[in-house]
Structure formats: C-alpha cells, structure tokens
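Since the structure comes first, as structure tokens, the remarks are kept for the end.
Computed from the coordinates by the stated procedures, all read-outs in this text should not be read as laboratory data. Computed from a prediction, not measured in an experiment: that's the story for all the values here. No Cβ is skipped: glycine too gets one built from the backbone with ideal geometry, and neighbour counts run over all protein chains shown.
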Amino acid sequence: MRPPPPCTLMSMAKKNKKNEQLPEGMSRRQAKMAARAAERAALEGEPRPFGGLAMEPQLVALQEFIPSATAPITIKGTDRAVTLCTVLPGAVAALIRDEEHGAEAFVAMQQGTRSTTPGKDLAFALNWVLSAAPGQSLTSAKHDGTQPALTELVDDKTTLDITPHQDFNWWLADNDDLSPEVTQHMQMANESILPSYPVDAEIPGTAWWVNPGGKAHIRWVRTDDENTLLNALARIAARGELILGEDTKFAGAFRTHGITVPVWDLDPERPHTDYATDLKALDEKIAGELGNDAQLTPDERRQLENIKSRQVTIR
C-alpha cells in the first residue's frame with residue numbers, strides 16, 4: 001500500500017488539531033507548557049513530605065537513619081492496633097498479622113520500592129490498613145492518588161514513642177513456628193544491624209546515636225529552615241563551640257526530605273546516655289543564633305562554606 005501524499009498528511013494533521021481538546025482559555029502552546037510543568041513537578045516529588053506534622057523529625061529518622069525500631073501510631077477511622085516501623089520482612093510496605101496473632105497492622109517507613117513522594121506513599125499504606133484483611137500484605141505503597149492527605153489519617157500534633165531494637169525479633173508474633181529458611185533469614189538480618197539508640201534530651205527534633213565501628217556518630221534531625229540553621233552552625237563553629245563535649249567533632253550534615261541533619265563524630269567508648277547535657281547546651285547556642293540576621297564575618301563565611309562542602313543529600 002502506498003503512503004498517502006504529503007498534502008493528505010497535512011490535511012489529517014490539521015483535522016486532528018481542530019479536534020484536539022484544549023483546557024479552557026489556553027492556546028495549544030500554553031497547554032503543552034502546562035503539561036510539561038506538571039511532569040516536572042511529578043518528578044521533583046515533595047519538598048517537605050512530612051512537613052506540618054509534629055512527628056516529622058521522627059518519621060525522617062525512621063525512614064533514613066534507624067535500622068530497627070517500632071512505634072505505635074493511631075490512625076483515624078480504625079480501632080486496629082497499628083505499628084509504624086523501620087523495615088518489614090521482604091521489604092514490603094505493610095502487613096496485617098493473622099487473626100490468631102491479633103491482626104495487628106505494621107507499616108514500614110523503609111520499603112523495597114517507593115516513589116519520589118514518601119508522604120503520599122505513607123498515606124497510601126496507612127489508608128490500606130483501614131480495609132486490609134488479616135494475613136494480607138502490601139508489596140508496594142507507591143501512591144495512586146486514591147489516598148487521603150496524611151493529615152486526614154494522623155493527628156498533626158501527635159509525636160511518636162519510638163522503641164529501638166538491636167535485632168529484628170519483633171518481626172515474629174508469639175508462638176510463631178520458624179522454618180529453617182526463616183531462621184536463617186532472621187539471623188542474617190540481625191547480624192546486619194548497627195547499634196543505634198535515641199539520645200533522651202530536651203531538644204527540638206530527635207537525636208540518634210549509632211556505632212558503625214571505628215567512630216560513633218550522633219545524627220540530629222532538626223526541622224529549622226536550612227539556611228538559617230547553617231548560618232547558626234557557622235557562627236558557632238567560628239567560635240570553636242560546634243562540639244558535643246571532649247573528643248567530639250562536627251562531621252557534616254545530611255539533607256533529606258527538606259530538612260537538615262547535623263552529624264558529629266564521637267568516641268565509641270562514650271555511651272549514648274552521656275550526651276543529653278551537651279546537646280541541650282548546644283541547642284541553647286543554636287537557638288541564640290537562629291534569630292541573628294547580621295551578615296556573617298569572613299571567618300563565619302569560611303565556616304559556612306566548610307559545612308556546605310560536607311553536606312550529603314539523601315533522596
């Protein structure tokens with residue numbers, strides 16, 4: 001069959017353009033630009049996925065920095081016991097235990113697959129819990145637009161009571177019968193955990209101590225405006241006071257989910273329970289500088305550039 005002549009193709013294209021449905025008040029060019037902007041926005045994700053929630057720093061810590069932990073969470077619209085956790089067997093997004101084990105629901109912050117919008121993914125998983133049956137599991141929580149807003153599912157003023165674990169034995173319900181395969185999987189998972197503990201201190205955000213071997217670290221998840229916090233840290237560093245006591249050193253900062261997480265290197269022999277006073281004292285210095293809008297001195301600018309050079313972004 002011969003292809004249609006060029007004049008026929010042009011006629012068909014004109015006819016298709018005439019039949020094209022455009023948004024009201026938009027030209028074809030404007031419609032294309034709007035579609036491309038929407039695509040870019042979808043790829044960029046959520047600048048601050050857990051913003052507006054009192055539990056924001058805790059959610060970020062569970063998703064990015066804590067290997068094994070659980071926290072009960074109240075979901076509006078259900079009486080089912082729901083536990084938020086770091087990771088579940090097989091890296092699934094959520095699961096409901098069998099009826100004989102209480103039908104408790106678990107929702108994981110760390111999943112095998114996730115989208116660029118973790119706040120919407122969490123809302124999707126929590127919403128799934130409302131109607132899931134005992135014994136079911138949710139492989140992926142990539143949202144599909146059917147989920148309500150996260151604030152419709154959880155109280156925005158609620159914080160989490162996180163329990164750290166140094167193993168994954170909490171995966172198992174009482175009287176679970178373990179096959180040799182599951183036993184081996186549990187052993188491998190337990191051996192991969194780094195010792196991690198929260199530092200119990202009256203400070204904003206949440207601070208977690210971890211010992212990966214060699215040096216220990218404290219990661220302090222804060223919710224301050226990034227530029228304001230970095231300027232405050234730079235001013236304190238210029239005075240030589242950006243430390244948490246003897247044998248500690250400011251190591252840099254993570255950037256993740258729209259917030260900044262300063263990190264310190266520590267002596268691994270010093271216990272995590274020994275840092276509350278130093279964190280509190282440093283927080284008072286930070287608070288004193290957050291409202292300082294004066295220009296940085298040359299030394300403070302050098303410290304700021306040094307801090308920025310040691311930032312690591314987690315996506």
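Computed quantities for the displayed model
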{"read-out": "Charge dipole magnitude, Cβ of K and R +1, D and E -1 - the chain, Cα centre, debye nearest 20", "value": "2760 debye"}
{"read-out": "MRE, 222 nm, helices only [DSSP H, n ≥ 4, -39500 (n - 2.57), over the chain, to nearest 500]", "value": "-10500 deg cm²/dmol"}
{"read-out": "Environment charge at Ala294 (Cβ cut-off 11 Å; Lys +1, Arg +1, Asp -1, Glu -1)", "value": "-2"}
{"read-out": "Shape call, region 197-313: gyration tensor on alpha carbons, a/c limit 1.5", "value": "prolate"}
{"read-out": "Net dipole in debye of region 187-315 [+1 Lys, Arg Cβ; -1 Asp, Glu Cβ; about Cα centre; nearest 20]", "value": "500 debye"}
{"read-out": "Cα centroid separation - region 47-114 against region 187-229, whole Å", "value": "18 Å"}
{"read-out": "Dipole in debye (nearest 20) - region 56-191, about Cα centre, beta carbon charges: Lys, Arg +1; Asp, Glu -1", "value": "520 debye"}
{"read-out": "Packing rank of 273-280, 293-300, where each peptide gets the mean count of other beta carbons within 10 Å, highest leading", "value": "273-280, 293-300"}
